[in-house]
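Let me begin by presenting the structure, written as structure tokens, before commenting on it.
The values are calculated or read from the model by the stated rules, or taken from the named source; none is laboratory data. These numbers were taken from a predicted model, which means no experiment stands behind them. No Cβ is skipped: glycine too gets one built from the backbone with ideal geometry, and neighbour counts run over all protein chains shown. Note: areas computed on protein heavy atoms with side chains; ligands, DNA, RNA excluded. Shrake-Rupley method; radii C 1.70, N 1.55, O 1.52, S 1.80 Å.
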Amino acid sequence: MRQGDVRRSTKETSIEVRVNLDGTGIYDVKTGIGFLDHMLEQLSRHSLIDLYVRAEGDLHIDFHHTTEDSGIAIGEAVTKALGDRKGITRYGSALIPMDETLTRVALDASNRPYLIWKVNFTRDKLGEMDTELFKEWFQAFAQSAGLTLHVENLYGENNHHIVESCFKALARALRQAVTVDPRAAAAIPSTKGVLGGSL
């Protein structure tokens with residue numbers, strides 16, 4: 001089993017994360033932010049990555065630090081679980097509809113982080129969560145998980161559907177990318193023989 005554990009503690013947040021890339025999508029998530037919990041549960045269920053998250057943050061200020069730091073910690077746990085990334089499929093993509101909404105995600109688990117975010121919202125909040133924080137979560141996750149990550153909402157009207165389709169598309173693309181390719185299970189998926197950095 002490819003597993004990763006992370007404990008991250010700052011003056012703003014205290015977070016514990018465990019992931020199992022070879023799981024079945026079992027989740028146990030508590031961040032103190034209901035909508036973020038819902039999205040992380042979608043991520044786990046549709047990626048088949050088992051996910052445990054416990055986060056305590058300065059929610060009396062706002063949700064920014066807890067949102068960003070949870071993305072960092074989950075990404076770090078994924079990176080630990082991937083190790084040298086030997087044998088992974090590396091690339092993944094998904095086109096996910098949700099009622100009137102359609103979102104596309106493409107990613108490369110290259111260990112060269114980069115985010116393209118083409119998602120717009122017409123509301124400032126979903127529940128109590130600022131919609132601008134979703135980009136912060138995806139940025140933090142892409143950075144610490146070592147993903148080149150492109151997220152594009154092609155169309156949609158309902159803001160809940162838009163963000164949920166982003167998380168579900170990430171989940172399905174990530175599921176593809178981290179799956180071990182049985183034809184190349186012993187090989188780093190790069191002609192360079194290593195993933196990451198400026199190589």
_Testing the spin-label approximation: label points 7 Å from Cα along Cα→Cβ at SER14 and ASP62. State their distance in nm._
2.5
*With no solvent and one point per C-alpha, what does the Debye sum give as log10 I(q)/I(0) for the stretch 60-104 at q = 0.18, 0.34 Å⁻¹?*
-0.85, -1.07
*Determine Rg/Rh for the stretch 69-199; Rg is computed over alpha-carbon atoms and Rh is the Kirkwood hydrodynamic estimate from the same atoms.*
1.01
*What are the principal axis extents of the Cα atoms in the stretch 91-134, in Å, biggest first?*
34, 24, 15
*Which whole-Hz couplings ³J(HN,Hα) result when phi for each residue of the stretch 81-93 is put into the Karplus expression 6.51 cos²θ - 1.76 cosθ + 1.60, θ = phi - 60°, listed in order with x for Gly and Pro?*
5, 6, x, 7, 6, 4, x, 6, 5, 6, 9, x, 8
*Convex hull volume of the stretch 1-124 per residue (C-alpha atoms, cubic angstrom)*: 128
*Determine how many Å³ per residue the convex hull of the Cα atoms of the stretch 1-43 encloses.*
68
_Accessible surface, the chain, averaged per residue in Å² (probe 1.4 Å)_ = 48
